[in-house]
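Colleague: Below: one structure in structure tokens.
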Amino acid sequence: MTPEQFLEQLEADRTLAVVRAPSITDAADLCRALADGGIRSVELTFTTPDALKHVKRAAETAAEHGAAVGIGTVMTADQARAAIDAGAQFLVTPGLRPEVAAVATSAGIPFSLGAMTPTEVAQALDLGSAAVKIFPARQLGPAYLKDLQGPYPGIRLLPSGGIDASNAKSYLDAGAAAVCCGTSVVPPAAVAAGDWADIAARAAAFTGTLK
């Protein structure tokens with residue numbers, strides 16, 4: 001997946017699912033449930049046990065479920081290399097991680113660096129971030145995204161943290177390229193239990209609010 005394809009898919013679906021769970025029964029089924037609900041960008045995270053195994057499983061079955069699978073909470077170059085080796089199609093960090101950006105750039109893999117202040121946003125852009133993850137978004141709200149577009153016209157912003165069906169549209173209306181959805185769509189208990197019908201229904205309900 002190229003950075004351009006990553007952005008095209010994000011902007012088409014308007015959301016990316018962030019999965020944090022104590023366990024994942026089957027990453028392929030998880031991705032299929034989310035894709036069925038209209039979410040084709042799935043971020044597994046290094047905070048989940050056996051994350052690389054799950055990324056590999058999801059990547060190997062991508063032709064079946066149709067989702068692009070990446071990995072988040074990437075903190076080091078070694079983690080970035082391991083994620084790419086496992087088949088991750090994009091990387092996401094919670095903050096500015098130049099070493100992760102360097103590995104991803106070298107591999108031609110799109111990435112989204114976390115930022116909060118205008119200075120951090122500029123640094124993320126300088127490092128090649130395809131979309132800049134604004135985290136934690138709940139602290140500043142949608143209006144902050146609109147403010148950032150003054151000095152950074154055309155920037156792709158990806159707010160994350162505290163976003164659910166009640167406020168997601170307001171972030172998009174403020175200029176976000178897409179929003180991250182988390183536990184409201186992929187509750188850890190449902191992921192661990194393999195309740196794919198529930199997750200597919202949650203994904204469909206969430207994407208329905210973004211229209």
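Values in this text are rule-based calculations from the coordinates and carry no lab data. As the structure is a prediction and not an experimental result, all values here were calculated from the model. Heads up, the Cβs are rebuilt from the backbone with ideal geometry, glycines too, and the neighbour counts pull from every protein chain shown.
Colleague: Is it possible to state the helix-based mean residue ellipticity at 222 nm for the chain, with each DSSP H run of 4+ residues giving -39500 (n - 2.57), the sum divided by total residues, to the nearest 500 deg cm²/dmol? What is it?
Modeller: Rounded to the nearest 500, the figure is -12500 deg cm²/dmol.
Colleague: Also, I was wondering about something else. Show the residues, 5+ positions off or on another chain, whose built amide H is closer than 5 Å to the amide H of residue 72.
Modeller: Excluding prolines and chain starts, which carry no amide H, the hits are 44, 45, 46, 92.
Colleague: Further question: Compute the separation of the alpha-carbon centres of the range 20-60 and the range 131-158 and state it in Å as a whole number.
Modeller: Computed from Cα coordinates, the inter-centre distance equals 27 Å.
Colleague: While we're looking at this one, here's another question. Relative contact order, percent, of the range 3-208 when contacts are C-alpha pairs under 8 Å separated by at least 6 residues?
Modeller: Here the relative contact order equals 25 percent.
Colleague: Okay, moving on. With a cap of 14 neighbouring Cβ atoms within 10 Å, and only residues DSSP puts in a loop, list the trypsin sites (Lys or Arg not before Pro) found in the range 81-174.
Modeller: For trypsin sites (Lys or Arg not before Pro) across the range 81-174 that sit outside H, G, I, E and B with at most 14 neighbouring Cβ atoms in 10 Å, the list is empty.
Colleague: Now for a different question. With θ taken as phi - 60° and the coefficients 6.51, -1.76 and 1.60, list the Karplus ³J(HN,Hα) couplings across the range 132-149 in order, rounded to whole Hz; mark glycine and proline as x.
Modeller: Once rounded to whole Hz, the list reads 8, 7, 9, 9, x, 5, 5, 5, 10, x, x, 4, 5, 5, 5, 4, 5, 6.
Colleague: Compute the length gained on full extension between residue 143 and residue 81: take 0.36 nm times their separation in residues and subtract their Cα-Cα distance, giving the result in nm to one decimal.
Modeller: Contour length minus Cα-Cα distance gives 18.7 nm.
Colleague: How high is the relative contact order of the range 1-54, given as a whole-number percent (alpha carbon pairs under 8 Å, six or more residues apart)?
Modeller: Relative contact order comes out at 41 percent.
Colleague: With the Cα gyration tensor of the chain in hand, give its eigenvalues times 5 under a square root as the equivalent ellipsoid semi-axes, listed largest first in whole angstrom. Don't skip to the end; give the middle numbers.
Modeller: Values: eigenvalues 118, 86, 38 Å².
With the √(5λ) rule applied to the chain, the semi-axes are 24, 21, 14 Å.
Colleague: Moving on to the next point. Across the range 35-40, in residue order, what do the Karplus-derived ³J(HN,Hα) couplings come to in whole Hz, using 6.51 cos²θ - 1.76 cosθ + 1.60 with θ = phi - 60° and x for Gly and Pro?
Modeller: With the stated coefficients, the range 35-40 comes to 5, 4, x, x, 10, 9 Hz.
Colleague: Taking the Cα centre of the chain as origin and charging only Cβ (+1 Lys, Arg; -1 Asp, Glu), how large is the dipole, in debye to the nearest 20?
Modeller: 280 debye
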